[in-house]
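Here is the structure we will look at.
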2 protein chains.
Amino acid sequence: MPARPKLLIVEDDLALAELIVWHCEAEGYVVRQTADGEEALLMVAEQMPDAIILDWMIRHVPGIEVLRRLRRDKATAQVPVIMLTARGEEEDRIRGLKTGADDYMTKPFSPRELLARIEAVLRRARPVTGGQSLVVGDLELDPVAHRVTRGGAPVPLGPTEFRILVHFMERPGRVQSREQLLDAVWGMDSDIELRTVDVHIRRLRKAINLPGMADVIRTVRSAGYALEV
Amino acid sequence: MPARPKLLIVEDDLALAELIVWHCEAEGYVVRQTADGEEALLMVAEQMPDAIILDWMIRHVPGIEVLRRLRRDKATAQVPVIMLTARGEEEDRIRGLKTGADDYMTKPFSPRELLARIEAVLRRARPVTGGQSLVVGDLELDPVAHRVTRGGAPVPLGPTEFRILVHFMERPGRVQSREQLLDAVWGMDSDIELRTVDVHIRRLRKAINLPGMADVIRTVRSAGYALEV
DNA sequence: CAGGTCCATGACAGTTTTGTGACACTCTCT
DNA sequence: AGAGAGTGTCACAAAACTGTCATGGACCTG
């Protein structure tokens with residue numbers, strides 16, 4: 001991640017665009033702005049921004065089409081996109097998220113909220129974009145090869161344990177509730193018992209804490225679990 | 001978010017204020033109201049509302065000044081603010097949003113709409129607040145990692161102690177009565193003995209005052225406790 | 001300094017939350 | 001079909017945490 005992440009704002013309400021630009025620049029981002037979908041795609045190709053804020057209703061090309069074309073091109077498929085929708089356009093949001101938007105904001109929104117989401121989306125993007133292996137402490141996880149090592153020694157993990165560990169390593173140190181883990185690993189609408197998470201955590205611990213090693217997973221009572229950093 | 005979010009209405013048109021209060025209370029919010037900017041700031045400090053409805057034209061201190069001072073104080077910087085402006089005061093709105101207002105309403109408005117915006121603003125507030133870690137003196141608390149350190153050394157805390165400390169660190173130096181602590185930590189309608197607070201304060205002290213360290217919690221006789229700054 | 005109020009502290013019994021081993025099932029591969 | 005790995009639940013054990021109380025000390029007031 002560069003020191004000053006680049007943002008592209010695609011928004012044709014000039015007053016709103018200006019407001020967003022003003023706030024983002026104050027926050028230290030490098031900001032480009034356009035009101036036009038075609039131009040947006042050109043600018044993306046040219047500058048490869050770190051995140052895109054995309055209004056749903058813009059000139060020439062609807063937002064969803066921009067998004068679709070971004071996702072189709074491998075070079076831009078990983079750039080995080082936050083879409084802006086009007087209040088109540090539930091269906092747009094769903095279609096947007098399905099097409100690969102990373103987050104959405106309903107107008108009107110507060111600038112502070114937008115900044116928070118940008119930050120969140122940038123933070124999340126880091127591990128995803130690279131296809132790089134994740135490293136936390138003496139843990140290393142290669143998402144492509146599906147391989148994990150602890151202090152260099154290979155750690156055999158089952159599929160579920162692997163997904164849990166990925167989730168943790170993308171958020172080192174952050175407490176994850178059982179609900180969050182269920183959503184992330186099993187999917188939003190699985191009807192799995194909360195306590196099942198405990199059992200998988202145990203299996204993960206057993207596999208990953210080779211004899212004599214400190215526990216990498218911290219239990220936070222009445223809150224969840226966190227990967228130690 | 002507490003079961004019944006607290007609102008502060010800052011509005012000096014008494015008829016309008018009364019109307020708003022009536023509607024908000026009907027909706028289940030706990031509502032405070034004042035017509036005066038200075039007093040509003042005091043009330044915020046005291047009660048830490050979950051959202052503020054702020055008229056732009058009020059006595060003594062203009063609305064924007066109230067907002068600016070709210071945002072400057074770290075303890076209150078995250079409280080969502082909905083501003084009320086007269087029709088056509090476009091510039092005020094822009095300035096307000098730039099200063100950190102979360103939403104605005106143009107008078108006249110329907111109570112229905114106001115309630116909808118309050119709800120939206122409360123819902124959005126949640127994730128935003130969680131970001132930064134709190135620092136007071138040599139104490140540091142990371143709400144995301146659920147982790148506390150004193151002078152760099154980790155401090156293990158139980159869930160209740162943790163919540164109490166969060167409450168204190170959001171209001172450094174400010175005396176909190178046992179009642180306030182009960183409301184904030186246990187919830188408004190818990191039937192817990194007041195003296196139970198004492199015991200938890202003691203446990204918190206024990207955990208946080210490592211040997212040789214000064215006590216961070218000051219007892220204020222017949223008033224409550226405060227976190228030393 | 002007597003008497004009262006308020007607070008600190010240790011103990012404790014009851015709850016809640018988490019750890020753990022076992023088991024039945026499903027899937028895949030052979 | 002049989003073997004083997006991986007999963008989701010359960011029941012019980014082990015920890016961790018809680019709320020209350022009784023006691024004694026600290027502080028105040030007259």
Exercise. Any idea what angle helix A:194-208 forms with the longest principal axis of chain A, computed on alpha-carbon atoms, 0 to 90 degrees, nearest 10?
Worked result: 70 degrees
For this session: Using a 1.4 angstrom probe on the protein heavy atoms only, line up B:136, B:30 by accessible area, largest first.
Result: B:30, B:136
Exercise. Where both residues lie in the protein assembly as shown, what percent of DSSP beta bridges are antiparallel, nearest 5?
Worked result: 45 percent
Problem set entry | Area accessible to solvent at residue A:219, 1.4 Å probe radius, in Å² | 80 Å²
Exercise. In degrees from 0 to 90, rounded to the nearest 10, what is the angle of the helix A:63-72 Cα long axis to the longest principal axis of chain A?
Worked result: 50 degrees
Seminar exercise, completed: Rounded to the nearest 10 Å², the 1.4 Å probe accessible area of residue B:206 is 140 Å²
Exercise. Quick one: ranking A:161, A:140 by accessible area, 1.4 Å probe, largest first, what do you get?
Worked result: A:140, A:161
Seminar exercise, completed: homo-copy label distances at residue A:60 (7 angstrom along Cα-Cβ), nm, one dp, ascending, are 5.5
Problem set entry | For residue B:83, residues with placed amide H under 5 Å, excluding near neighbours | B:54, B:102, B:103, B:104, B:105
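For the pair A and B, how large is the buried accessible area, both sides, in square angstrom to the nearest 100, if the probe is 1.4 Å?
So the total buried area for this chain pair works out to about 1700 Å².
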For this session: Calculate what fraction, in whole %, of the accessible area of the protein assembly as shown sits on carbon and sulfur atoms when a 1.4 Å probe is rolled over the protein chains.
Result: 51 percent
Problem set entry | Convex hull volume per residue for the protein assembly as shown, taking Cα atoms only, in Å³ | 176 Å³
Problem set entry | For residue B:174, label point 7 Å along C-beta direction: distances to other copies, nm | 2.8
Problem set entry | segment B:41-62 versus segment A:204-229: alpha-carbon centroid distance in Å | 45 Å
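Express the relative contact order of chain B as a whole percentage, based on alpha carbon pairs under 8 Å and six or more residues apart in sequence.
13 percent
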Exercise. What 222 nm value per residue comes from the helices of the protein assembly as shown, counting each DSSP H run with n ≥ 4 as -39,500 (n - 2.57) and dividing by all residues, nearest 500 deg cm²/dmol?
Worked result: -12500 deg cm²/dmol
Seminar exercise, completed: Applying the gyration tensor rule to the Cα atoms of segment B:110-212 (axes a ≥ b ≥ c; rounded if a/c under 1.5, else prolate if a/b exceeds b/c, else oblate), the class is oblate
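Rg to Rh ratio, chain A, alpha-carbon atoms and Kirkwood radius?
1.03
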For this session: Could you tell me how many degrees, from 0 to 90 and to the nearest 10, lie between the Cα long axis of helix B:111-129 and the main elongation axis, the longest principal axis, of the Cα atoms of chain B?
Result: 30 degrees
Problem set entry | Extreme residue, positive dipole direction of chain A, given options A:30, A:152, A:196 (C-beta unit charges) | A:152
Problem set entry | Surface accessible to a 1.4 Å probe, per residue, for the residues of chain B, Å² | 50 Å²
For this session: Place the label 7 angstrom along Cα→C-beta at residue B:202 and in each other copy, then list the distances from the first to the rest in nm, shortest first.
Result: 3.6
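Classify segment A:186-229 from the C-alpha gyration tensor, please: rounded if a/c falls under 1.5, else prolate or oblate depending on whether a/b exceeds b/c.
Prolate is the answer for segment A:186-229, as a/c is 1.5 or above and a/b outweighs b/c.
The values are calculated or read from the model by the stated rules, or taken from the named source; none is laboratory data. Treat the numbers as computed from the prediction; the structure is a model and nothing was measured. Glycine gets a Cβ as well: all are built from the backbone with ideal geometry, and neighbour counts include every protein chain shown. Note: accessible area is taken over every heavy atom of the protein model, side chains too, but ligands, DNA and RNA are not part of it. Shrake-Rupley method; radii C 1.70, N 1.55, O 1.52, S 1.80 Å.
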